[in-house]
Structure formats: structure tokens, C-alpha cells
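Before any comments, here is the structure.
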Amino acid sequence: MWLLIGVVGAFAGIAIVNTSVMAMADRRAELALVRLIGATRRQAARMIAAEATVTALVGAGAGALAARLAVARIADGRPGWHIVVPPTPFGGIVAGAAALALLGSLPPTDRSSRRPRRQSIAIELAELSISTDWNWGEGAARLAGEVG
């Protein structure tokens, strides 16, 4: 049984880290904009850490509720069975989920915030590939200082 719990925990951990990393990859422009309007790297990292923690706590709460509802039907069918969840392991699981969410969010945030702000915005504009009269790719490259 512990092997099954370990495998499920490892899978959930990988899913949490992967989701956090992908979410941060999609938010590079937003992070660059936050830095561009004057936030320090530390303030941006605190903002991302707070978001990751809240997301992990809400996810753990929703998961616990879903598990409780699923297991309650089993216990209802067996006289004398009671569902008992010790608070220490549950707290450890929630803390682990929050730690994994931070682990998946903070390194990409740090990498993104080390890039010069103008260059980050220019890269995002170049990736938009919007076709208008203005050449976004060339204009973004000039903004980043890559073209003379």
C-alpha cells in the first residue's frame, strides 16, 4: 500500500512542478511588465511565491474534499467504519504541495527577471507575430538593441 501511495505522490509532485513551470513560461511578458513598471526582482518573486502558495493550498483543499466525498461512500456501506485523517500527514502533504509549487515557480521567475526588461518585452512582442503596417519583429529587435 505504501508503494502505491508513493507512486501516486510522485506522480502528483511531477504534475505540480510541471504545471508551475509551464504557467511561469506563459507569464514571461506579464512578469516583464511588472518589472518594467518599477517592481524589483524581489517583489516580483514574492508575488509569484504568494500566487503559487495560494494555488497549492486551494488545490490541496479541493483534492481533500474530492477524496473525502469519494471515500465517504465506501465507509457508508460498511457498518462500523469511520474515516480518520490524521492532521500531521495531511499537513505534510499540503506543505509538500506548496513547496513543490514554489520549486516549480521561483526558478523560472528568477531566470525571467534576470533578463533586461526591455529585452523581455521585445521578445514577447516578436513572438506575437501580429501583422500590421509596423513590422513587430524588426521593431522589437530594435527595441532590444539587436538591430542597428
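The numbers here are math on the coordinates, done by the rules we state, and not lab data. These numbers were taken from a predicted model, which means no experiment stands behind them. No Cβ is skipped: glycine too gets one built from the backbone with ideal geometry, and neighbour counts run over all protein chains shown.
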Hey, if you put +1 on the Cβ of every Lys and Arg and -1 on every Asp and Glu Cβ in region 2-115, which of P107, A66, I93 ends up farthest toward the positive end of that dipole?
P107
Over 24 Å [Cα-Cα, region 2-115], rounded percent
39 percent
Å³ per residue enclosed by the Cα convex hull of region 53-97:
55 Å³
